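The values are calculated or read from the model by the stated rules, or taken from the named source; none is laboratory data. The shown structure was predicted, so the numbers you read here are calculated from the model rather than taken from an experiment. Positions of Cβ are backbone-derived with ideal geometry, glycine not excepted, and every protein chain shown enters the neighbour counts. SASA here: full protein model, heavy atoms, side chains in, ligands and nucleic acids out. Shrake-Rupley method; radii C 1.70, N 1.55, O 1.52, S 1.80 Å.
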Amino acid sequence: MQKHGAIGPTTRRGRRFGAFGDGSIICFPATALMNERYIRIGSSTVIGPRVTLSAGMAPGQQLMSDPVVTIGDRCLIGAGSGIVGHLSIEIGDDVWTGHHIYVTDQNHGYEDLERPISVQQQPERPVSIGAGSWIGHGTVVLPGSRIGRHVVVGANSVVTGELPDYTVAVGSPARVVRELRA
């Protein structure tokens, strides 16, 4: 049943994406797929079951940029993860993640104490994850984050800013604990 429910580049659902590379697959079941035309998936990429891929917050929403979410070639997105973009999320080639990671380029504000937090928004800020990186289980990547190339982010970390190329980072907020040399 799972094989028959999977989404690939030649399936009806797969053709809704802005791009869906050869040999790539979204495993069954997907939790939510929204505004697929703004999402690009490279070749030989595996997106695990129960993953949310979303461009925007509402079906049919017109977005300011295209693409909004880009996932490179040969990536592996772990089960139960969420990638929710509004402006720009770029995941480079050969990026692997653990289960239950969350990546977003938008957050809620907390400036007006008279209005519910759910209706307060902050400006979107682009997110990028460099080629060859590993994002550990349960990691959250927040708006404006830039993770360099060949970076390891430890499990349950919260990324809030820039992590340079060839580093290992852990914690909340994620801090560099080791520099690697090529």
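Residue under question is ASP66, and the condition is that it be out of contact with any Cys (no Cβ under 8 Å at 6 or more places or on another chain), among the acidic types (Asp, Glu) and under 15 Å from ILE89 (Cα atoms); does it hold?
Details: out of contact with any Cys (no Cβ under 8 Å at 6 or more places or on another chain): yes; among the acidic types (Asp, Glu): yes; under 15 Å from ILE89 (Cα atoms): yes.
In short, yes.
Could you grab me the full set of residues in the range 155-167 that are surrounded by fewer than 19 Cβ atoms within 10 Å (Cβ to Cβ) and either within 20 Å of GLY80 (Cα to Cα) or touching a Cys at 6+ places or on another chain (Cβ under 7 Å) (or both)?
ALA155, ASN156, VAL158 - these are the residues of the range 155-167 that are surrounded by fewer than 19 Cβ atoms within 10 Å (Cβ to Cβ) and either within 20 Å of GLY80 (Cα to Cα) or touching a Cys at 6+ places or on another chain (Cβ under 7 Å) (or both).
Can you find a residue in the range 40-47 that is over 14 Å from the mean Cα position of the chain (by Cα) and farther than 14 Å from CYS75 by Cα? I'd like the intermediate steps shown before the answer.
The initial filter retains those residues of the range 40-47 that are over 14 Å from the mean Cα position of the chain (by Cα), namely 43-44.
Now drop any that are not farther than 14 Å from CYS75 by Cα, which leaves none.
Scanning the range 40-47 turns up no residue that is over 14 Å from the mean Cα position of the chain (by Cα) and farther than 14 Å from CYS75 by Cα.
Mind listing just one residue for me: the one in the range 82-129 that is among the β-branched types (Val, Ile, Thr) and at pLDDT below 95 and, of those, nearest to LEU63 (Cα to Cα)? Quick ask: steps written out before the conclusion?
The initial filter retains those residues of the range 82-129 that are among the β-branched types (Val, Ile, Thr), namely 83-84, 89, 91, 95, 97, 101, 103-104, 117, 119, 127, 129.
From what is left, the residues that are at pLDDT below 95 are 117, 119.
Details: ILE117: 23, VAL119: 19 Å.
Per the criteria, the residue is VAL119.
Identify all residues within the range 4-48 that are open to solvent by 20 Å² or more (accessible area, probe 1.4 Å) and of a type in the set (Asp, Glu); write none if there are none.
Hit for the range 4-48 is ASP22, nothing else.
Being out of contact with any Leu (no Cβ under 9 Å at 6 or more places or on another chain), polar (S, T, N, Q) and either open to solvent by less than 10 Å² (accessible area, probe 1.4 Å) or assigned to a loop (DSSP other than H, G, I, E, B) (or both) is the filter here, so list the residues in the range 87-132 that pass it.
SER88, GLN120, GLN122
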